[in-house]
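The values are calculated or read from the model by the stated rules, or taken from the named source; none is laboratory data. Computed from a predicted model, the values in this text were never measured in an experiment. Neighbour counts run over all protein chains shown; Cβ positions are idealised from the backbone, glycine included. Side chains included, ligands, DNA and RNA excluded: accessible areas come from the protein's heavy atoms. Shrake-Rupley method; radii C 1.70, N 1.55, O 1.52, S 1.80 Å.
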Amino acid sequence: MAKRRSKKRTHVGANNPVTPAAVNGHANSKDPKSMVIRIGAGEVGASVSQLATDVRRVMEPGTASRLKERKANRLRDYVTMCGPLGVTHLLLFSRSESGNVNLRLAIAPRGPTFHFRVEKYSLTKDVKRAQRHPKGGGKEYITPPLLVMNNFSSPSADANSKVPKHLESLTTTAFQSLFPPINPQTTPLKSIRRVLLLNREQSDDGTFIINFRHYAITTKAVGLSKPLRRLNAAEKMLKSKKGKKGGLPNLGKLKDISEFMIGGEDGEGYMTDGTSGSEPDTDAEVEVLETATKKVHSGKSRAAEHDSDEEEAGAHDNVERRAVKLVELGPRMRLRMTKVEEGICAGKVLWHEYVQKTKEEIRELEKRWEQRKKEKEARKKQQKENVEKKRKAKASNKKAGEDMEDKNDDEMDVDEYDSDLYEDEGFDSEGLEGDAEEQVNARMEEGGEWEDEEEEIAEGRSSKKKSLRR
């Protein structure tokens with residue numbers, strides 16, 4: 001008898017992958033969503049295409065990871081789909097004719113748009129190739145990264161500075177809206193697995209340069225020797241469902257576990273990080289409360305715990321010290337802001353690095369934009385009136401057609417019940433009035449030609465029957 005199949009994917013107890021909502025507790029439909037797009041997909045080159053792919057990995061999980069661009073796609077096509085798909089940010093990579101790589105950050109649906117020139121960049125594969133122990137892609141990408149921004153606002157900036165104060169706050173708000181906000185009280189620490197660092201270089205020449213870095217967060221226990229850490233890792237690996245024999249320490253050449261635990265010169269003393277010959281830990285140390293299941297006690301037990309001493313209560317806290325270390329994942333970028341404009345890549349210029357306008361030129365531009373705005377509103381109004389006019393004409397034509405059908409139905413009813421009022425010569429029952437077919441048939445009947453055709457038809461049927469019998 002065949003073994004009964006047990007459903008393990010959609011039923012209770014299934015070993016399904018952990019969703020972001022279950023991990024961080026705040027993933028919902030209101031979280032920001034982005035699309036990383038190559039404008040002119042076949043013209044940017046292989047390096048820029050790989051850079052766009054790496055940036056998509058940084059923006060996960062709230063991005064279109066498998067987006068496929070075509071040469072025929074234009075920016076309007078992507079902007080049109082932002083509303084139905086709930087996309088809030090567009091990151092557009094392009095390459096100019098002179099070979100410069102540009103990045104545009106546009107906030108949908110009304111802008112603004114930030115133009116950056118990518119002065120330098122390193123791909124993820126280049127960063128990993130330069131590391132001795134690179135960090136592999138695992139569960140780091142199921143939750144959004146922690147955004148860290150540095151030096152985005154300078155205390156000496158004002159409205160008349162080369163980089164005005166309102167531009168700094170606008171840029172800060174735009175980058176902060178790329179990822180969902182984090183609530184320190186409700187967000188578990190294990191959900192924060194990556195860090196995106198944006199550092200602005202301080203300069204007095206009116207430039208706005210941002211360094212883009214992407215790191216993975218790794219932790220390890222502090223205060224334990226290497227043998228103890230290895231035993232602790234082996235114990236956790238054995239308790240897990242997927243155990244690996246390679247993670248267990250090799251004790252085949254030792255007589256006792258004490259030889260593994262006791263080290264130093266001549267086997268004297270307990271081996272610690274200081275006596276094991278390894279470099280001391282210089283990473284930042286934090287205290288982390290271990291996540292452990294708690295038993296639900298009765299009222300008496302809770303009262304007894306409340307009445308106990310604070311020292312005894314603190315002794316049962318599962319607090320451990322862990323060293324935090326950042327491992328770079330890539331990519332790297334050096335972004336230089338060149339322009340900020342209203343709308344999505346088409347609007348009034350709010351700031352430009354190279355072009356400076358006087359007050360009179362700004363007033364003239366304001367007049368031009370007001371005139372364009374009025375013309376646009378007039379075109380929209382005219383288009384709306386045309387649409388309404390066509391709709392009314394279509395409705396009137398439809399109504400007229402229904403009236404004609406009702407009139408024809410009434411005429412057919414009169415013909416059905418009062419057929420004697422109509423003469424045979426003037427009434428066309430099949431709607432063939434003016435057709436020559438009826439006249440030809442009448443002439444054939446008068447001349448006797450129709451009888452000859454009937455005989456031919458009858459002879460043809462009899463000959464067919466004979467052939468079928470044969």
Subject >> Distance in nm between pseudo-label sites at Ser169 and Glu385 (7 Å out along the Cβ direction from Cα) >> reply: 4.2 nm
Original post:
What residues have an amide H closer than 5 Å to that of Lys348, excluding those fewer than 5 places away on the same chain, when H is modeled at 1.01 Å from N in the peptide plane?
Top reply: Glu342
Original post:
For the stretch 28-43, in order, what is each residue's ³J(HN,Hα) by Karplus, 6.51 cos²θ - 1.76 cosθ + 1.60 with θ = phi - 60°, in whole Hz (x at glycine and Pro)?
Top reply: 8, 5, 8, 5, x, 10, 9, 10, 9, 10, 9, 7, x, 4, x, 10
Original post:
In nm, to one decimal, how far is the modelled label at Ala46 from the one at Ser65, with both set 7 Å along Cα→Cβ?
Top reply: 2.4 nm
Subject >> Gain on full stretching of the segment that runs from Glu119 to Glu375 - 0.36 nm per residue minus C-alpha separation >> reply: 88.2 nm
Original post:
Which far-off residues, 5 or more places away or on another chain, put their amide H under 5 Å from the one on Lys135, with H placed in the peptide plane?
Top reply: none
Subject >> Cα→Cβ-extended label distance, 7 Å offset, between Asn199 and Lys348, nm >> reply: 3.8 nm
**OP:** Grab the other residues whose beta carbon is less than 14 angstrom from that of Glu60, score K and R as +1, D and E as -1, and report the net.
**Re:** +4
Original post:
With the other protein chains left in place, how much accessible area per residue, in square angstrom, belongs to the stretch 136-218 at a 1.4 angstrom probe?
Top reply: 50 Å²
**OP:** Please turn the phi angles of the stretch 383-399 into ³J(HN,Hα) values with the Karplus equation 6.51 cos²θ - 1.76 cosθ + 1.60 (θ = phi - 60°), one per residue in order, whole Hz, x for glycine and proline.
**Re:** 4, 5, 5, 4, 5, 5, 5, 5, 5, 5, 5, 5, 5, 5, 5, 5, 5
**OP:** Would you please put 110-123, 40-53 in order of how densely packed they are, using the mean number of other Cβ atoms within 10 angstrom per residue and starting with the highest?
**Re:** 110-123, 40-53
Original post:
At a 1.4 Å probe radius, carbon and sulfur cover how many percent of the accessible area of the stretch 112-206?
Top reply: 51 percent
**OP:** Could you tally the net charge around Arg95, taking each other residue with its Cβ under 13 Å from the Cβ of Arg95, Lys/Arg +1 and Asp/Glu -1?
**Re:** +1
Original post:
Given R₀ = 22 Å, FRET efficiency for Thr53-Leu85 by Cβ-Cβ distance, to 0.05?
Top reply: 0.65
**OP:** Determine the gain in length on full extension of the stretch Arg4-Gln356; use 0.36 nm per residue of separation and subtract their C-alpha separation, reporting nm with one decimal.
**Re:** 119.1 nm
Original post:
Can you give the extra length, in nm with one decimal, that the chain gains between Ser29 and Lys399 once fully stretched, where that is 0.36 nm per residue apart less the Cα-Cα distance?
Top reply: 128.7 nm
Original post:
How far is the Cα center of the stretch 74-96 from the Cα center of the stretch 189-233, in Å?
Top reply: 31 Å
Original post:
So what are the ³J(HN,Hα) numbers for the stretch 370-380, from phi and the Karplus equation (6.51, -1.76, 1.60; θ = phi - 60°), rounded to whole Hz, Gly and Pro as x?
Top reply: 5, 5, 4, 5, 5, 4, 5, 5, 5, 5, 4
